[in-house]
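Everything on this sheet refers to the single structure shown next.
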Amino acid sequence: MQLGISIIRLDLLFETISGIIALIVTIYASNAYKITGQKKLSDLSTGFMVLSVGMFGRVIGTWYFFVRLGASEDMTPELRTLIAIVTIAYGASRIMAYVVFAVAIRPLKRVEVQDAGALMALAVLVDPTLEMIAIFVLVIVVIQALINYTTNRNRFALYVLVGFILLLLSHLFLAQSVINLGMYLMSQVAQLLGFLSFLVLLYKTG
Amino acid sequence: MSRKKVYRSKMRILADMMRAVQEAGVEGAGPTKILYAANLSHDRLTQYLEELLEKELITILDSNCSNKTYLLTDKGREFLREFVKVERFSEAFGIEI
């Protein structure tokens, strides 16, 4: 149990740092939108904002339930329900953000905006396989980032590709965390590294 | 086989014009040089030059001369620097501006 709480504390630290980076990218993309008027930059900003809000929400929720209240295996059904709600809200927010990324950075105009709206609604309605949906949408985002990198062949596009690959890996690790607790921490590390890649992108672009 | 035509945003056109002016250095760039560098029609060029002057992003080097030459202002240089950053960021995500 002590090991579990230690992992959760570390996870909260990683998640907080990732959330702050996501917020920085949000502000940067928003400023870029103000300068250029390119709506896709606004979408990108929205995506990162949803991600950061979801992360901060989970950090607060997890801290409250596990660290402050000391939730354990014999927790009340009400507390279990609340934890489940926070988990589902977090998972849904991430899927919404990934769908927004998929729409914003798509290289080909195949997906219409109304399709994206339907996908976002789906993310809220479907709950048991949130991780699977997240992985599926992220695979699309990674493919788009890969196409963009092979087209541009510059280091900035490479940072984005690496960032999204690491986010995808974090979800793949998380899906295996039920059978291996270590994978949970690996997932958080991969997520943090993914966001650090976005931070490096911001630093290198000036 | 037809190639997909790429449309530039107004902001990119203005940035292309300003780049042409910047590349000319202290001597300044004439309208023809800007026109070719930014790949514009004469009407569009006149319209956008007026806009750049109005926003104080460029200035006229010698207004008495029959052939005007344009220089980038400090504000214009700052704008172009910001635009390059935004351009790199956007292209990294595959977003054309």
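Each value in this text was obtained by applying a stated rule to the coordinates, not by laboratory testing. Predicted model only: the values in this text are computed from it and were never measured. Virtual Cβ from ideal backbone geometry, glycine too; neighbours counted across all protein chains shown.
Remark: the A:Asn180-A:Asn152 segment gains 6.2 nm on full extension, using 0.36 nm per residue and subtracting the alpha carbon distance. Across the range A:130-141, rounded Karplus estimates of 3J(HN,Hα) from the backbone phi angles (6.51 cos²θ - 1.76 cosθ + 1.60, θ = phi - 60°) give 4, 5, 5, 5, 4, 5, 4, 5, 5, 4, 4, 4 Hz, Gly and Pro being marked x. Normalising the average separation of contacting C-alpha pairs (under 8 angstrom, six or more residues apart) by the number of residues puts the relative contact order of the range A:142-191 at 31 percent.
Quick check on the exposure proxy: order B:Met18, A:Met186, A:Met75 from fewest to most C-beta atoms within 10 angstrom.
Working: B:Met18 26, A:Met186 18, A:Met75 15.
Ordered by Cβ neighbours within 10 Å, fewest first: A:Met75, A:Met186, B:Met18.
Here the simple spin-label model places points 7 Å from the Cα toward Cβ, and for B:Thr46 and A:Ile85 these points are separated by 6.6 nm.
Each of A:Ser93, A:Ser18, A:Ser30, B:Ser41 was scored by other Cβ atoms within 10 Å of its Cβ. Listed from fewest to most, they are B:Ser41, A:Ser30, A:Ser93, A:Ser18.
Starting with the fewest neighbours, write out B:Lys33, A:Lys40 ranked by other beta-carbon atoms found within 10 Å of each beta-carbon. Please report the intermediate quantities before stating the final value.
Values: B:Lys33 16, A:Lys40 22.
Least to most surrounded, the residues fall as B:Lys33, A:Lys40.
Please list, by residue number, every one of the GluC sites (Glu not before Pro) in the range B:50-97 that is coil in DSSP and has at most 12 other beta-carbon atoms within 10 Å.
Values: sites: B:Glu50, B:Glu51, B:Glu54, B:Glu56, B:Glu78, B:Glu82, B:Glu87, B:Glu91, B:Glu96; in loops: B:Glu56, B:Glu96.
Here the sparse-neighbourhood loop sites are B:Glu56.
To the nearest ten degrees, helix B:42-54 and the longest principal axis of the Cα atoms of chain B are 70 degrees apart. Across chain B, C-alpha contacts under 8 Å between residues 6 or more apart give a mean separation that, scaled by the residue count, equals a relative contact order of 29 percent. For the range A:190-199, 3J(HN,Hα) computed residue by residue from phi via the Karplus equation (6.51, -1.76, 1.60; θ = phi - 60°) reads 4, 5, 4, 5, x, 5, 5, 4, 5, 5 Hz, glycine and proline entered as x. One decimal place: the segment A:Glu78-A:Ile7 gains 23.2 nm when fully extended, by the rule 0.36 nm per residue minus the C-alpha distance. Per-residue Karplus couplings for the range A:142-158, computed as 6.51 cos²θ - 1.76 cosθ + 1.60 with θ equal to phi - 60°, are listed in order as 5, 4, 5, 5, 5, 4, 4, 5, 5, 6, 8, 6, 10, 5, 5, 5, 5 Hz, Gly and Pro entered as x.
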